[in-house]
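> Submitted below is the structure of interest, expressed as structure tokens.
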Amino acid sequence: MVSILLFHDAVELFLALASEHVGAGKTGQEFITYWEAINQKLSSKDFGQKDSMNRLSKARANWKHYGIRLSTTEIDDFRANVATFFQENTPKVFGLAFEEISMATLVQDEKVRDRLLKAEELNSTGEFKAALVEIAIAFQTLFDRFEWRVMEQDSVHFKGVSSHRLFSRVEDTAPRELSRFAREIEQELGTLHKQVQMLSLGIDYRRYIRFRGLTPMAYLTGSGTYQVAGDGRGQSHQDYLFCSQFVIECALRLQEIQFF
């Protein structure tokens, strides 16, 4: 039943945004009043799905205020109605198909954004593995380019968010009988440094671990191109959606950082 509340919230947010976009303003507290206000500003006067969304609003009120539950079939019907609402009204208000909307367009770095958009194209044709390769390269490109900007700052304040660690000769200088132990310590320090970096940037390390498991490892070659090693375990549309969303979230986090 929580889905009914989420459906309603999504539609109401769209209505508020559409109203602002066409200059209709907010006409009151009632959900259904948006249709008249928006239609006054549309030349076509055909902002649609009013009746189905009115039924959704009443179902939400009945559940939220009176505890009246809906059947699984009814919830599925509302899900389809909400999808139709977005598909029908997005081009009328914003001039583009609902399917063309992509969070990737919010990524400012052009190279990262292009990789994400290419991954979307591959995913749309069912090429999930190829899409995940593009996602992996987008992620590595994002952090490589961020790292270069951090290094340009040459500031102690950015050390926590940098993946760069000073070269260590602990393993080389340790006594032979301790070399294996020293190597393991270096590996653990590297893992700890990555965890600190992710946390410092506000990135969920648990999601990072899942992302790493689903995607191949991308790296920058000496010639300046990216290659990948391994395949990763991702092989479905859902895996692609998670990985794409994760990279976009990371990009938005990094864009919040103000460089000097």
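> Taking only DSSP H segments of four or more residues, each worth -39500 (n - 2.57), what value at 222 nm results for the chain once the sum is divided by all its residues, to the nearest 500 deg cm²/dmol?
After summing the helix terms and dividing by residue count, I get -21500 deg cm²/dmol.
> Would you please state the base-10 log of I(q)/I(0) at q = 0.14, 0.20, 0.21, 0.24 1/Å for region 93-159, with intensities from the Debye formula using one equal scatterer on every alpha carbon?
-0.54, -0.83, -0.87, -1.00
> Within the set K64/K129; K50/K111; K41/K118; K58/K92; K92/K118, which residue pairs have Cα atoms separated by over 32 Å?
Those over the limit are K64/K129; K50/K111; K41/K118.
> Suppose the chain between R183 and A97 were pulled fully straight at 0.36 nm per residue; how much longer would it get relative to their current alpha carbon spacing?
Working it through step by step, the gained length comes to 25.5 nm.
> Taking the Cα centre of the chain as the origin, how large is its charge dipole in debye, to the nearest 20, when only Lys and Arg (+1) and Asp and Glu (-1) carry charge on their Cβ atoms?
Using Cβ point charges on Lys, Arg, Asp and Glu, the chain gives about 460 debye.
> Assuming R0 = 51 Å, what is the FRET efficiency of T84 and T221, from their Cβ-Cβ distance, to the nearest 0.05?
0.60
> Show me the helices of the chain, taken as full DSSP H stretches, that run 20 Å or more along their long axis by Cα and average 0.5 or above in Kyte-Doolittle hydropathy.
Sorted by number, the helices that extend far enough and score high enough are 2-22.
> Charges on Cβ only, +1 for Lys and Arg, -1 for Asp and Glu, centred on the Cα centroid of the chain; of Q49, A61, V22, which one is farthest towards the dipole's positive end?
Going by the Cα projections, it comes out as A61.
> Ranked from highest to lowest mean number of other Cβ atoms within 10 Å per residue, what is the order of the peptides 190-203, 64-77, 124-137?
124-137, 190-203, 64-77
> At 7 Å along the Cα-to-beta-carbon direction for both R149 and L6, put a label point, then send me their distance in nm to one decimal.
3.1
> Can I ask one more? Evaluate Rg over Rh across region 2-101, taking Cα atoms for both radii and Kirkwood's formula for Rh.
Reported Rg/Rh (Cα atoms, Kirkwood Rh): 0.98.
> Once the Cα gyration tensor of the chain is found, what semi-axes does its equivalent ellipsoid get, as square roots of 5 times the eigenvalues, in whole Å, sorted largest first?
47, 21, 19
> Here's a follow-up. Points 7 angstrom from Cα along the Cβ direction at R55 and A16: gap in nanometres?
For the pair R55/A16, the computed spacing is 2.7 nm.
Any read-out appearing in this document is the output of simple, stated calculations on the displayed coordinates, not a laboratory observation. The structure presented is a predicted model; accordingly, all values stated were derived computationally and were not measured. All Cβ positions, even for glycine, are placed from backbone atoms using ideal geometry, and neighbour counts span all protein chains on display.
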